[in-house]
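Just so it is clear, none of the values below were taken in a lab; they were calculated from the coordinates. These figures come from a predicted structure and were not determined experimentally. Positions of Cβ are generated from backbone atoms using ideal geometry, with glycine treated the same way; all protein chains shown enter the neighbour counts.
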Amino acid sequence: MKHYPLLTIDHEAIRHNMQTVIGWCSNAVIDVVGVIKGSTGMASVALDYEECGAKWIASSRLEQLKRAREAGVKAPLMMIRVSMISELEEMAELCEYSLQSSTETLDALEEVLSKKDMTHKVILMADLGDLREGIFDKEELVKVAAHIENDLPHVHLAGIGTNLGCVGSVVPTKEKMEMLTDWAEAVEDSIGRPLEIVSGGATSSLMPVMDNVMPAKVNNLRIGALVLCGPLEDYRTCYGREEADVLSDEAFTLEVEVIESGIKPTHPVGELGVNAFGERAEYVDRGERKRVLLAIGRADYGDIEALVPMLGGAEVTMASGDHTVMDIEDCNADLKVGDKVKFKLKYSAILRLTTSENVYKEER
Ligand SMILES: *Cc1c(COP(=O)(O)O)cnc(C)c1O
């Protein structure tokens, strides 16, 4: 008997997506870092990326990179969340590359490396306005870069990078990429040698590549979301660019079992307070409608917006930690108890479902 809820991972779709992205980037002479954190760092996904030609495997979590290495990933590993000082020792043992932004951390890294007589490569992050990690001021960035170059013999400054379209929703425009180029040139002037890497951002920085306006100096992008989700997340990551339509949005799909089926009102009956998560929800009264109750909940996938029913006309309407209500009044199909329904998944659902210990996984 198969177990449910069942998350299916289609490696062919993942490889098709990564190959396509690498194709776009190689036309622009850009190397791709394959970011695995969206799948909770599944080692099999890292191996897919590597097979497709991703030159680095990256994650924001050391545990995930460790698993990728143990599963046989040969590509250099890149830690892409700016390091905690408390993890530097483990990070230096495991990863060839990391993104960094603080002098304190870089100095501590030098100390760790010199004790072990090891070297490590860093990409110094520039904050071009998105307000997550990175040095906000150009002169300051040049100063820290020179400090690495001149004072930290075990830390190699491989390049600079930036991250946009994240906490601050800043669009990676041609102008922002030119700004990164300008900052990179200032660093090169200061240290008197070329940088190996100028890393222009994440999935959203594919837009200037699609538009053929990426400055030649940007030679590296760190890509995860679009490869895992395809066009289902292109609105969030690439503002609905039709280039993404050639990608698969079925790399990760979810099958869930129906545990109740019937007709119920669409508006709760009684005095309304808060839902299972303490939220005051809004309910639209659409009268009595056909609906099913599904054996999965927000504990598994996060928010209902991240589940996209593959059954035409179906709509997920509400959920608690372990239950999900789906309206099927407008569907041609009639679902009964024991039937299974399938969903496509947005990024946040993939992230949660790959971690949930109550979700079974099938890879093919
Ligand atoms: C998550 C992350 C990425 C990848 O972002 P996607 O949107 O998944 O492509 C790249 N760089 C950094 C620093 C990240 O944290």
- Message: Can you tally the lysine pairs in segment 252-363 where the Cα-Cα distance is under 20 Å and the two residues are eight or more apart, or on different chains?
- Response: 9
- Item | Equivalent ellipsoid dimensions for segment 235-308 as semi-axes, Å, which come from the Cα gyration tensor, largest first | 30, 17, 14
- Residue-span extension gain [Asp303 to Tyr283] - 0.36 nm each, minus C-alpha spacing: 5.6 nm
- Query: Can you pull the three principal axis extents for the Cα set of segment 268-345, in Å, largest first?
  - Reply: 34, 29, 20
- Message: Taking the square root of 5 times each eigenvalue of the Cα gyration tensor, what semi-axes in Å does the equivalent ellipsoid of segment 233-364 have, largest first?
- Response: 26, 17, 17
- Percent antiparallel among DSSP beta bridges confined to the chain, rounded to 5, stands at 45
- Item | Cβ-based charge dipole, segment 207-257, positive-most Cα from Gly224, Ala244, Leu254 | Gly224
- Anchor Lys217: lysines whose Cα lies under 29 Å away (excluding residues fewer than 8 positions away in-chain): Lys37, Lys55, Lys74, Lys121, Lys138, Lys143, Lys174, Lys176
- Message: Counting only other residues whose beta carbon sits under 9 Å from that of Lys344, what net charge do I get with K and R as +1, D and E as -1?
- Response: 0
- Query: Once whole DSSP H runs in the chain are found, which of them have Cα atoms spread over 15 Å or more along the helix axis and a mean Kyte-Doolittle score of at least 0.5?
  - Reply: none
- Item | Dimensionless Rg/Rh of the chain - Kirkwood Rh, Rg from C-alpha atoms | 1.04
- Note on the structure: In whole angstrom, largest first, the equivalent ellipsoid semi-axes that the Cα gyration tensor gives for segment 1-130 are 29, 19, 14
- How big, in percent, is the set of alpha carbon pairs in segment 172-269 lying more than 18 Å apart? 60
- In what sequence do Tyr235, Tyr49, Tyr4 fall when counting other Cβ within 10 Å, fewest first? Tyr235, Tyr4, Tyr49
- Item | FRET efficiency, Met1 to Phe136 (Cβ-Cβ, R0 45 Å, nearest 0.05) | 0.20
- Message: Calculate the FRET efficiency for Ser114 and Ala71 from the Cβ-Cβ distance with a Förster distance of 25 Å, rounded to the nearest 0.05.
- Response: 0.20
- Task: Beta carbons within 10 angstrom, averaged per residue: use that to sort the peptides 72-78, 158-164, 188-194, highest first.
- Result: 158-164, 72-78, 188-194
- Item | Normalised contact order of the chain, rounded percent, pairs of Cα under 8 Å and 6 or more residues apart | 18
